[in-house]
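Inspection log for the structure reproduced underneath, given as structure tokens.
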Amino acid sequence: MEFLVAIGSSIVGKIGEYTVDPIGRQFGYLFYYQYNIKNLTEQFRRLKDTKQDLQHSVDVAKRRGEEIKQSVNSWLSEAESISKMVESFLSEEGQANTGCSIKSFPNLVLRHRLSRKAKKMAQSVVEIKEAASKFDKVSDVPILQNIFGTKDYTVFGTRNSILNGIMEALRNSDVRMIGVYGMAGVGKTTLAKEVAKRALEANLFNDAVEVAVSAYPKVEKIQQDIAERLGLKFQEDGVKARAVRLRHRLRQEEKFLIILDDVWKTLDLLDIRICFEDNQKGCKILITSRYKGVLEDDMGVDKNFEVELLSDSEAWNCFAKIVGNNLLSDENSDEFKHLATQIVKECARLPLAIVTVAHALKNKRIHFWKDALRRLRRSSVDDNVYSSVKLSYDFLENREARWILPFCSLYEEDADISIDNLCNERDSVKMHDVIHDVVISVAASEVEMYNIRVQKHCLRPFFDYSDELDIIEFPKLKEIRLDVIARLIQFCSQSQGQGREQLLFADSAYTLFNQKVAFPSLKNLQLEKLNSIKRIWPNQLPEASKLHNLEDLSVESCKGLKYVLPFAIAESLVQLKNLSVRKCVAVEEIIMIKEPKEEVEKIDKKLFPKLKSLELSYLPNLVRFCSIEINILCSLNFIPEVRIRNCLKLWNTSAEKREDKDMNLQEKISLRSPCDEKAS
């Protein structure tokens, strides 16, 4: 009996659970109608704040060029969808008070439905709002594919077969290294970039990198350029240590193209660790060079392609496209067409020559065309590229452009030249190696001033010369300013035969200016913050290299200098008017004399006969003006203006000397107070 009672109680309890609770919940929707609506409104407000904050973070990330995470985009999309639903619901909520009689009794069915919907919506809003808190960041730095191709690339028939052949070789899994060769200015680099562009578009590679090698390859720079494209940051110093790290990173690539542009001689890829494993058949190396033998014999390419000259019709079409087909097709332009035909012929079907000359003549009057033809005819076949580039330079009407080009030539070959350094534009340009060589030649013979300010990582001498040359002369150069070039050691390299590292980081035997560079017209020389130079000039110079016309010499903040002028140089400065040496903390003497005293005193002329101003400031180790006492310094008595400040060792040394009546000029100057602003 008790058993039956228990069963009955259980059944009654279940009936209550399945009837009373649901009924209570349904009545609850009616009783808590206002609360549910108010709660939904509050949760929706919080969602809008969260969505606004997240959208702001997304906008900032987009401005930085970052890639928004897919989960964040999905959240924003879902939040937007729910927001629209809630807004629509709340705008219709007033209908819940709609009466069903003339006494406007509340519509209970509608209130029940709206309250229930509001509660469920509020739960969904809370869930999506909480999901946003799980985002630690909204974006990632994207892995961007390199961009190749040149502006207005012209498809020539003579190039199409080569391009298609290279593309076929890139698809061939048995071909790992491809060579492209041809004479200077024929278009090897342009073709290589177009190949890379098409190969990426065809998904032959996931990414590609182009590295300029040039005649003087810098292995560390080659490694760095490849590493940057791979997103690799070297923690190690030195070629060998970096090579191991680079090799390890390259192993992770499946489809990667490396373009080594402008290779002049053997480049040991194994030493640099630019090589791929046998199973990396999707990775390739494309090499361009002027020399077929370098590619086949030294580099061991699997397949070689020659870039030949343009055909006659291609050369004409290229020229006409740039100068304007309308000009050459005009009925009254017979003379222009005749000149154009002769000019294109003189360009010898070389793309670089044709393009530079065509741009130089575009929109020019006919007398410029006649002059151009005359100049080109005077050059030999071997010089047609040089002549065409030189002509383009000469025809520049903008004076600023004529100044900027020589400045650009001071950067190393194929360097990315920041336009910000040139004219406050945030972009960069690159100079073709042939144009680079021509502009250096122009600068050496025509430019009257260099105002050089290069970044601290400048390693290469500004000019190189062959051992066969006796001297490099800058006949019109009047002013040189070398400013903030922390690692510069030489203006002009000593020998092509020496290794680049040995050349640049040698001991103090290397001088900033050497016996093979001459500035016969130089009037103003300013050297500032050249911390790596030990000596400015060698002890002896040939007569052609002396500075007979120098009027102003300023040396400041060159921390490695121990003396300023060798006696042989000081003796030649017959026009010097202003001499200033400031903040050179290691300088011990201004003039260093290694010649025997007897030989020096035989000289009957005086040093610096036209000197008007002498400044020696903040030279804490300056002990004397010159290394031995000589009478030829007496002409300094007539200097109108002398400034000596903060040269404490000079003061202390002279103060211990004999009586004033026996002192020479050097000592008398020294005895002036080290704090004197001016003594005249």
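Every residue in the range 65-79 that is on the phi < 0 side of the Ramachandran plot and touching a residue at least 24 places away in the same chain (Cβ under 8 Å), please. Glu66, Glu67, Ile68, Lys69, Ser71, Val72, Trp75, Leu76, Glu78, Ala79, listed by residue number. Within the range 551-563, residues that are within 13 Å of Arg481 (Cβ to Cβ) have Cβ atoms under 8 Å from residues that are aliphatic (A, V, I, L, M) and in a loop (DSSP other than H, G, I, E, B) in these pairs: Asp552/Leu576; Leu553/Leu573; Leu553/Leu576; Val555/Ile536; Val555/Leu561, counting only partners at least 6 apart in sequence or on another chain.
The set of residues in the range 508-547 being outside any loop (DSSP other than H, G, I, E, B) and not aliphatic (A, V, I, L, M) consists of Asn524, Gln526, Glu528, Glu543, Ser545.
Residues that are in contact with a Cys (Cβ under 9 Å, 6 or more places away or on another chain) and surrounded by fewer than 18 Cβ atoms within 10 Å (Cβ to Cβ) within the range 206-252 comprise just one, Arg247. Screening Ala372, Ala320 for residues that are modelled with pLDDT of 85 or more, in a helix (DSSP H, G or I) and buried (at least 18 other Cβ atoms within 10 Å of the Cβ) leaves exactly one candidate, Ala320. Selection of strands (runs of 3 or more DSSP E) fully inside the range 548-653 by the criterion of at least 1 residues being polar (S, T, N, Q) and at pLDDT 85 or above returns 552-556, 578-582, 613-617. Looking at the range 273-294, can you tell me whether even one residue there is farther than 30 Å from Lys362 by Cα, among the acidic types (Asp, Glu), in the same structural domain as Met177 (by TED's automatic domain parsing) and in contact with a strand residue (DSSP E or B) (Cβ under 7 Å, 6 or more places away or on another chain)? Within the range 273-294 (the criterion being farther than 30 Å from Lys362 by Cα, among the acidic types (Asp, Glu), in the same structural domain as Met177 (by TED's automatic domain parsing) and in contact with a strand residue (DSSP E or B) (Cβ under 7 Å, 6 or more places away or on another chain)), the answer is no, since none of the residues qualifies.
Residues in the range 30-81 that are basic (Lys, Arg) and either under 44 Å from the mean Cα position of the chain (by Cα) or surrounded by 15 or more Cβ atoms within 10 Å (Cβ to Cβ) (or both): 6 in all.
Taking the conditions exactly as written (in contact with a Lys or Arg (Cβ under 7 Å, 6 or more places away or on another chain) and among the hydroxyl-bearing types (Ser, Thr, Tyr)), does Thr288 satisfy them or not? Judged against the criteria, Thr288 is a match. Within the range 29-68, being aliphatic (A, V, I, L, M) and not in a helix (DSSP H, G or I) holds for one residue alone: Ile68.
The values are calculated or read from the model by the stated rules, or taken from the named source; none is laboratory data. Just so it is clear, the model here is predicted, and its values are computed rather than measured. Using ideal geometry, Cβ is built from the backbone for each residue, glycine included, and neighbour counts are taken over all protein chains shown.
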